[in-house]
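Only one structure is covered here, and it is reproduced in the block below.
The numbers here are math on the coordinates, done by the rules we state, and not lab data. The structure presented is a predicted model; accordingly, all values stated were derived computationally and were not measured. We place every Cβ from the backbone using ideal geometry, glycine too, and count neighbours over all the protein chains shown.
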Amino acid sequence: MLDVVIGGGGYVGLSLALALKQSEPDMKVALVDLRPRSAIENDPRASAIAAAASRMLDQLGVWHQLQDDAQPINDMIVTDSKLHDSVRPVYLTFDGEVEEGEPFAHMVPNNRMVGALHDEAVREGVTIIAPESIDDFSTDAASVTIRLRSGEMLHSRLLVAADGVRSKLRGLAGIPVNRWDYKQSGIVTTVAHERPHNGRAEEHFLPSGPFAILPLTGNRSSIVWTEKPLEAQRLVNGDEFTFEIELERRFGRHLGELSLDGPRAAFPLSLTLARSFIGNRFVLAGDAAHGIHPIAGQGLNYGFKDVAALAEVLVDAHRLGLDIGAAHILERYQTWRRFDTYRMGVTTDMLNRLFSNDFDVVRGVRDFGLGLVERMPFMKKMFIGEAAGTTGTTPKLLIGNPI
């Protein structure tokens, strides 16, 4: 009998497995992942890792493996303009430190982060079953019976779904979702530029949606570019020259000549919120529980918050000799995470609606609001704390403490 089976081998599934195994080595933890180990290395994206998440990764023993590839975000500027405007006024600026010497975020390549988590989980004794998938499962009062695609059966006290925003396991559990299609796509790619970025992140609010320039190591930046789906597909599938022309119109020339430094991809954007985060011996974590707009760059970090909270709840119960799959144990996790997640989902939804339009009256109101925030240091400090993941009731791992 296993203690926990995790479906999904991304950053959420791997960090949860690692956190449980490091905290309680006698726990029997297995992770089922559809992808082979080699697929992890082919992810071209990079993510903003908030200060709280980097503390957790440090506690899990992987941050030191990422530091050579981690680019601190030293400051951030926010502009709001039309695409053809020759000048983009800066309405809001943020300094990048939560504490002295600690940036509020780092940019880290996804393949390096997930690869480091995978290797550390293997070293700690997590059983990784890949490439494999969960075909079905059933629960009773004492356990979960899990059927793999190969026909193998697993028996566990708890099943955790960490298999992404289109979670198959969530569907098998019969948990409904509230979903809103933004009719937008997020284009992601990496660009090289002539001049150094000096660790500055930029968010330009344009009529089609936010255009984010996020610093990477060297003279490179990660781009997250919001467009209407048809336009996004045209840009991603078209020739490189056209793409670079359209990119430069949005990026500008302040960092000199631009060139693509990685593949282009487009992902549909939507708001997806599970109506419950738990079921009978079943838990949702990460994007399986909540998929939010990238306008605030918090999707990945909210997944790490789920991991830290769920690991703490399960480890506490295990140490007390309690049934980690019992409803009242899982309810503690849901109470901890659900409201916070819904709040961020609503916030990102409102921000996207407010900034993804070209109405002059709305533009005037929002620019006035940005200007007010710029003149209120306590408000800016609050926003930095939110971006760093240090607000609210913070799980131990996100403070940098062991469970």
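One table, with the values for the structure above:
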read-out: Given charges at Cβ of Lys, Arg, Asp, Glu: the chain dipole, positive-most of ILE223, ASN357, VAL188; value: ASN357
read-out: Dipole moment magnitude, nearest 20 debye, the stretch 282-363 about Cα centre, only Lys, Arg, Asp, Glu C-beta charged; value: 100 debye
read-out: Cross-link reach list, lysines versus LYS183, counting only Cα pairs under 18 Å and skipping chain neighbours closer than eight places; value: LYS228
read-out: Counting all C-alpha pairs of the chain, share separated by more than 37 Å (%); value: 22 percent
read-out: Quotient of Cα Rg and 2.2 N^0.38 Å for the stretch 1-59, N being how many residues it contains; value: 1.26
read-out: Debye, to nearest 20: dipole size of the stretch 120-198, +1 on Lys, Arg Cβ, -1 on Asp, Glu Cβ; value: 300 debye
read-out: Dipole of the stretch 175-324, positive end: most advanced residue of VAL236, TYR302, LEU284 [Cβ charges, Cα centre]; value: LEU284
read-out: Rg(Cα) / (2.2 N^0.38 Å) computed for the stretch 56-119, rounded to two decimals; value: 1.53
read-out: Cα long-axis angle, helix 360-374 against the chain (0 to 90 degrees, to the nearest 10); value: 70 degrees
read-out: Which of LEU322, LEU247 has the fewest Cβ neighbours within 10 Å, and the rest in rising order; value: LEU322, LEU247
read-out: For the chain, calculated [θ]222 nm from helices alone, where every DSSP H run of n ≥ 4 adds -39500 (n - 2.57); value: -11500 deg cm²/dmol
read-out: Average Cα contact separation per residue, the chain, under 8 Å, 6 or more apart, as relative contact order %; value: 22 percent
read-out: Calculated from backbone phi, Karplus (6.51, -1.76, 1.60) coupling profile of the stretch 289-294 in Hz, x at Gly/Pro; value: 9, 7, x, 10, 5, x
read-out: For ASP80, residues with placed amide H under 5 Å, excluding near neighbours; value: TYR91, PHE205
read-out: Calculated FRET value between GLU99 and MET350, using beta carbons and R₀ = 45 Å, to 0.05; value: 0.95
read-out: Overall dimensions of the stretch 1-160 as given by Cα atoms, namely Rg and Dmax in Å; value: 20.0, 65
read-out: Whole-Å semi-axes of the ellipsoid equivalent to the stretch 79-225 (Cα gyration tensor, √5λ, descending); value: 42, 22, 15
read-out: Net dipole in debye of the chain [+1 Lys, Arg Cβ; -1 Asp, Glu Cβ; about Cα centre; nearest 20]; value: 900 debye
read-out: Ranked list, fewest to most other Cβ atoms within 10 Å of each Cβ, for MET153, MET76, MET27; value: MET153, MET27, MET76
read-out: 0 to 90° range, to nearest 10: angle between helix 377-388 axis and the chain longest Cα axis; value: 50 degrees
read-out: Burial ordering of VAL122, VAL90, fewest other beta-carbon atoms within 10 Å first; value: VAL90, VAL122
read-out: For the stretch 259-352: span of alpha carbons on each principal axis (Å, largest first); value: 57, 30, 19
read-out: Amide H contacts under 5 Å for THR217, placed H, 5+ residues apart; value: GLN71
